[in-house]
Amino acid sequence: NNLVFLDKLPDGVVGYAINGVALKDSWKKIRVYFNGNKEIQIMKLDSNVWNAAIFNNQMATDQNLPGTLTLKPYSCVVLYQL
């Protein structure tokens with residue numbers, strides 16, 4: 001129950017959520033997305049602000065995403081909340 005695959009994602013996008021609290025991690029919520037499409041995918045995030053650890057295959061520092069996520073083609077994004 002600490003890893004849940006997300007539904008209602010665009011075709012070709014896979015995402016899952018990790019419960020960091022249950023794992024005693026400093027990141028309380030973690031989301032990972034993979035875009036397997038050759039096109040950009042734009043998705044709405046929930047109302048919470050997310051921090052990016054990896055953004056479109058690049059390490060990210062202090063990047064906050066308030067509501068929209070743009071996934072580049074063939075990319076990975078790792079988001080977290082403290």
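Summed over region 14-53, residues that are hydrophobic (A, V, I, L, M, F, W, C), more than 14 Å from V78 (Cβ to Cβ) and in contact with a Leu (Cβ under 8 Å, 6 or more places away or on another chain) total 4. Can you find even one residue in region 33-53 that is closer than 14 Å to D11 by Cβ, of a type in the set (S, T, Y) and either in contact (Cβ under 8 Å) with a residue 12 or more places away in the chain or touching a strand residue (DSSP E or B) at 6+ places or on another chain (Cβ under 9 Å) (or both)? Yes; the residues of region 33-53 include at least one that is closer than 14 Å to D11 by Cβ, of a type in the set (S, T, Y) and either in contact (Cβ under 8 Å) with a residue 12 or more places away in the chain or touching a strand residue (DSSP E or B) at 6+ places or on another chain (Cβ under 9 Å) (or both). Could you figure out which of (1) open to solvent by 90 Å² or more (accessible area, probe 1.4 Å); (2) in a loop (DSSP other than H, G, I, E, B) isn't true of M59? In the conditions (1) open to solvent by 90 Å² or more (accessible area, probe 1.4 Å); (2) in a loop (DSSP other than H, G, I, E, B), M59 misses (2) alone.
The values are calculated or read from the model by the stated rules, or taken from the named source; none is laboratory data. What you are looking at is a predicted structure, and each value in this text was computed from that prediction instead of being measured. When we count neighbours, we look across all protein chains shown, and the Cβ atoms used for this are built from the backbone with ideal geometry, even at glycine. Remember, those area values only see protein heavy atoms, side chains included, never the ligands or the DNA or RNA. Shrake-Rupley method; radii C 1.70, N 1.55, O 1.52, S 1.80 Å.
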